[in-house]
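Working notes, structure below.
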2 protein chains.
Amino acid sequence: MTTTRSTEILETALDAVARAARPTARSAAATRAGWLRHVADRLDRAGGDLITIARAETHLTEARLVNELRRTTFQARLFADRLSSGSFDRVLIDPADGDWPMGARPDLRRTFIPIGPVLVFTASNFPFAFGVAGGDMVSALAAGCPVLIKAHPGHPELSRALYRLVADALAEAGAPDGALAMVEGEDSGRAAVRDARIRAVGFTGSTSGGRALFDLAMSRPDPIPFYAEMSSTNPVVITPRSWAARPAEIAAGFAASLTGSAGQLCTKPGVVFLPDVGGFLDQLPNLSAAPLLNDHILDGFHRTTSNMATRAGIVFGELSARDAAPILFRTNVAEAQANPDLMDLEMFGPAALLIEYTHLDQVVDAIDQLPGQLTASVHGGDQPDPQEAELVARLAEHAGRVLWNDWPTGLSVTDAQQHGGPYPATTAPLSTSVGTQSVWRFLRPVTFQNMPDEALPEGLRRNRNSPSFAEEQV
Amino acid sequence: MTTTRSTEILETALDAVARAARPTARSAAATRAGWLRHVADRLDRAGGDLITIARAETHLTEARLVNELRRTTFQARLFADRLSSGSFDRVLIDPADGDWPMGARPDLRRTFIPIGPVLVFTASNFPFAFGVAGGDMVSALAAGCPVLIKAHPGHPELSRALYRLVADALAEAGAPDGALAMVEGEDSGRAAVRDARIRAVGFTGSTSGGRALFDLAMSRPDPIPFYAEMSSTNPVVITPRSWAARPAEIAAGFAASLTGSAGQLCTKPGVVFLPDVGGFLDQLPNLSAAPLLNDHILDGFHRTTSNMATRAGIVFGELSARDAAPILFRTNVAEAQANPDLMDLEMFGPAALLIEYTHLDQVVDAIDQLPGQLTASVHGGDQPDPQEAELVARLAEHAGRVLWNDWPTGLSVTDAQQHGGPYPATTAPLSTSVGTQSVWRFLRPVTFQNMPDEALPEGLRRNRNSPSFAEEQV
C-alpha cells in the first residue's frame, strides 16, 4: 500500500518536472532571478518558524541555524544577481570566414542551454544551505532546470515545510508548474536516478551512499552527469616554521575548526601533519562537545572512530557509543605513507588524526599518495618559503581548494569559490557544488551553424543591441 | 610471451606519463605552444610519407588525407595560438571582503590545473585528425597533461610512424620525457583505463566499444572523467517550404554529405525527415561508391544495414556483404514516433533512413523522443518561420550542434565549435571533442584561499604586471 502510494507520488513528481522542463528552459534569466529573489524573501519572512522546526530535528544550535538560513537566502540572491547581470551568458561567436586556414568556415555561435530536470539529494548536515532551497536547487533553477528534491530523512518536517514554502513562492513568482517537486524515501530516490526524465543528479552525503547512487546513474541505458560531493579528510600541514612562531594560535584555530557544528562539516580538518604531537596537545584549549545531528550520525561516528582506534593510538578523549565528545588519534608520517588509506578515513564528527613528522620532506613525499580532497591547508611562515610553496603546489594536485594560514571550515559562497576535488571528494572533479560556478553543472553547450537570428537564442543574435539594427530594419 | 611483453610495454608507458605529469603541468603555456608548433612543423615536413602509409591502411583518397593532415596541423597550431594569447587562462578573483553579506570573505583565487595523464583511444576514420597527433592529444597536451595513446588497430603502421615523429618532435622541443607514450592492443587499452595513474580518458569510436570502456572507467575504485564520442544519426529535417523552393539543391547536398568519405563520418546525415520520398529519389544525383576503411568496418556496415532492412524498406541500392554501395531506407513518421530506436540505428557508411511525413507538426512531435545527437539540421525557408524556429529549438534539446540550410559533415575546427551531445552521442554532454573548448575536458578548477603570491600560480598573483609591483619591491 505504501509502496504503491510512493510510486504514484514519484510518477507525479517526475511527470511534473518533465513537463516543466521546456517552459523553465525558455524563461528569461531576469525572470528566473525574480523567482529566486521571491524564494529568498519568503524564506526571510518564515525564518523563525523554520528554525524552530530545524532545531527540533537536527540538534544544531539556533545561532548556527540562523547563520545557515542567512547563507541560504544570500546564495539565492547571489545567483539572482548573477542572472540579472548576465554573468552566465557565456557565448562564443565565430563569424563565417572564407579565409579560415583549414577551409572556409561557416558562421558558428555557441551558447549553453539547460540540461533538463535535475534530481537533488539534500544533505543531513546543512538542512537549509544544502536542503530543499539549498545550493543545488538554486544553481539548477538558475540554469533553467526544474528540480526534483529527494528529501533527507534526517529532517523530514523541515523538508516538507521548506518544500511547501518554496513551491508556493515559485508559483507566486510565476514559475512554471512543476519547476520544483519533492519525493521522500530511499526507493523513490533510487528509482528517480534511473528514470529517463532525470537528466542530471546532485548529491551531498557519504561516500557509500553517493557511490551507490552514482553506480546506478552510470548503469542507466543513458548515463547522465552525477555530481556527488562525498568524503574528505581535509589535511592540514603545520610546518616547523609556523609551529615555532605561533603554537597557541594554531592550536586554538584547530580546536575551533574541529568542533564547529560538532565536527559535522565536509570541510572539517580531519588529518593534521605536525612536528610535535605532545606539544600540540599541551597547547590545545578545551574542546567542547555537542550533540550530533541524530542517532544515525552518532552510530557512524562511533563506527569510524572505533575503526581508527584499531589503526592509530588515542591521544585525547575516548571511544563512546553514547555521545560524541572530541577525540584525537596519533600516528606518524611513515605509517601514513605506508598505508595511505589512513589519510582517507573520514570520521564525521569531532575527531581527527594527528600525523607526526620530523622533516617537512616526509610530508611532501607522503602527500603524493593523498586521496582526492575538498580542501588542503598549510600553516607556514608569514610568506611561503620554497619548500612551503612546493607543499602548496603538491596539495593542489589532490584538492579543490588550498588554504594558507587559514582553516577550511566556514566556506564562503562567492564567484571564485571551489568546493570539489578528485574522487572520493566528488564524482565530478571538474565542477564545484558551492559558489556561482556551480551553475555550469547543469548547462550544456550548443552551437548553431549558419542560423538566422529568427531561430537563435537571444544572446546569440547578430543584431541585438547593435547600432546598425534600426537602420537594417529600414 | 606476447602478453608478458605487452604488460611490460604498458607498465613502461604508464610509468612514463605518470613521471611526466608534474613537469608537464608546470610548463608555461607559451612553452607548450612551442611544443605543438614544432609537432605541426614536423608533420608538415613528413606529409607525403605519412599519407602514403595512411593510403595503404585506410582506403581513403589522397585528397581526403591531404586535407585531413592539413586539419591536423591546423588544429595543433590553433591550440598553440590560444595558449600563446592566454585564452585558456580562465581565472576568477574575489579579494578579501569584510563586508561580504554572508560574512567576512577571505581572499579567493580560482584557476584551472591539468587533471593528469590522459589516455586517448584514437579513431579508425580519421587516422590523422583523431589519431596520434589528433584533437584529443593536442587538447590534452595544451591543458598540460601527458598523453598515453591507445593506437587504433585499423592503421597500426601509420600510428607507429606518427608516434615516432611526434615523440621525437616533442623531445626536440624540450617537452618532458614521457609527455607522450603509446600502447597497442585491446587488453592494454582496457588495463590502462583501470590504472590509477590515468586521470581521464578520451575516446572516439562505436557505442559498443565506448560504452564498454566507459563502464570500466566508472567501475574503478576511483572513477575518472571519460569522454567518449560515439554514435549519432544526425537527423535532417527538410521542411515543405524548402522542398518546394529548391529540391535539386537539397538532394545534391544530401548526396554529397552522405557519400563523402564513403559515409564514414560521425556527422553523416543518417536520418532525413522529408515530405516526399518519391520526389526526393527522383531528384537524387548519382551516389558514388567508395571502398570502406577496412573489412571490420565493411562487416559492420553489412550488419547494421541488414538490421535496418528488417525494420524499413529499401528504396535505393541493395544489401551486400561484399561492398558498400550507397543504400537508402524508407519509413514514415508515425513508425518513427512509435519506435524511436529507429532514429538511433547508426549505419556507419553510405546509408540513411528517409522518414516521410505529411505535416511538419508530426516531425516536431516525433523529435521529442530523439536520442542524443552530435548534430541536427533543418532545411527551411530563407528565414525561419515560427514553426521552423520551434523545430530548431526542439532539436537543440537533443543535439550539440544545430544547422540551418547546411549539412553536418565538414566539421570546422574553431573556438565556437561544439562536437558533442547527450548520450549516446557522447558520455559527457557538457564537453566538446572538437574545437578549442575541448581543452576544458582536461582542466580541473582549484581555488587558493588567503594564499600569498609566493605560492600562487603565476596567473593568480596580485602583483603580476602591476605598475606598483616595482615600487613595492623598494
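List the distances, in nm and shortest first, from the label point of A:Thr3 to the matching label points in every other copy, placing each point 7 Å from Cα along the Cα-to-Cβ direction.
Copy-to-copy label distances for A:Thr3: 4.4 nm.
Ignoring ligands, DNA and RNA and using a 1.4 Å probe, state the total buried accessible area between A and B in Å², rounded to the nearest 100.
Buried surface at the A/B interface: approximately 6500 Å².
Please work out the Cα center distance from the range A:273-289 to the range B:104-147, rounded to the nearest Å.
Centre-to-centre (Cα) distance: 43 Å.
Taking 0.36 nm per residue of separation and subtracting the Cα-Cα distance, what length does fully extending B:Glu458 through B:Asp282 add?
57.0 nm
Tally up the carbon and sulfur contribution to the accessible surface of the protein assembly as shown as a whole percent, 1.4 Å probe, everything protein left in place.
Exposed carbon and sulfur together represent 51 percent of the surface.
At A:Gly185, label 7 Å along Cα→Cβ: distances to the other copies, nm, ascending?
Once sorted, the set of distances for A:Gly185 reads 5.2 nm.
Quick one: if the Förster radius is 30 Å, what FRET efficiency do B:Asn294 and B:Asp15 give, using the C-beta to C-beta distance and rounding to 0.05?
0.40
Looking at the square roots a ≥ b ≥ c of the eigenvalues of the Cα gyration tensor of the range B:143-187, which shape do they give, rounded for a/c under 1.5, prolate if a/b is larger than b/c, or oblate?
Judged from the Cα gyration tensor, the range B:143-187 comes out oblate (a/c at least 1.5, b/c at or above a/b).
Distance from the Cα centre of the range A:34-49 to that of the range B:1-20, in angstrom?
The two parts, judged by their Cα centres, are 59 Å apart.
Tell me, what is the 1.4 Å probe accessible area of B:Asp368, in Å² to the nearest 10?
70 Å²
Please compute the length gained on full extension between B:Thr61 and B:Thr358, using 0.36 nm multiplied by the number of residues separating them and subtracting their Cα-Cα distance.
102.9 nm
Find, among the residues of chain A, the one whose Cβ sits nearest the axis of the rotation taking A to B; state the distance in whole Å.
A:Met218, 2
Classify the range A:86-160 as rounded, prolate or oblate, taking a ≥ b ≥ c as the square roots of the eigenvalues of its Cα gyration tensor: rounded when a/c is under 1.5, otherwise prolate if a/b is larger than b/c and oblate if not.
Verdict is prolate for the range A:86-160.
Can you give the Rg/Rh ratio of the range B:1-151, where Rg is from the C-alpha atoms and Rh is the Kirkwood radius?
Result for the range B:1-151 is an Rg/Rh of 1.13.
If R₀ is 30 angstrom, what is the calculated FRET efficiency for the pair A:Asp99 and B:Ala28, using the beta carbon separation as r and rounding to 0.05?
So, using R0 = 30 Å, E works out to roughly 0.50.
Using a label point 7 angstrom from Cα along Cα-to-C-beta, what distances in nm, from shortest up, separate B:Glu157 from the other copies?
Ordered by increasing distance: 7.9 nm.
If B:Thr310, A:Thr304, B:Thr4 are ordered by their accessible area, calculated over protein heavy atoms with a 1.4 Å probe, which sequence runs from highest to lowest?
The ordering from most to least exposed comes out as B:Thr310, B:Thr4, A:Thr304.
So what does A:His38 come to for accessible area, using a 1.4 Å probe and Å² rounded to 10?
50 Å²
Using alpha carbons only, how many angstrom separate the centre of the range A:296-313 from the centre of the range A:321-338?
What the calculation gives is 9 Å, centre to centre.
Taking only protein heavy atoms and a 1.4 Å probe, what accessible area per residue, in Å², does chain B have with all protein chains in place?
Counting only protein heavy atoms, the per-residue value for chain B is 36 Å².
Between B:Thr52 and B:Asp382, what's the calculated FRET efficiency when r is the beta-carbon distance and R0 is 56 Å? Round to 0.05.
Between B:Thr52 and B:Asp382 the formula returns 0.75.
The values are calculated or read from the model by the stated rules, or taken from the named source; none is laboratory data. Keep in mind it's a predicted model, so treat the numbers as computed, not measured. Note that each Cβ is placed from the backbone with ideal geometry, even for glycine, and that neighbours are counted across all protein chains shown. Protein only, heavy atoms only, side chains kept; ligands, DNA and RNA dropped before computing areas. Shrake-Rupley method; radii C 1.70, N 1.55, O 1.52, S 1.80 Å.
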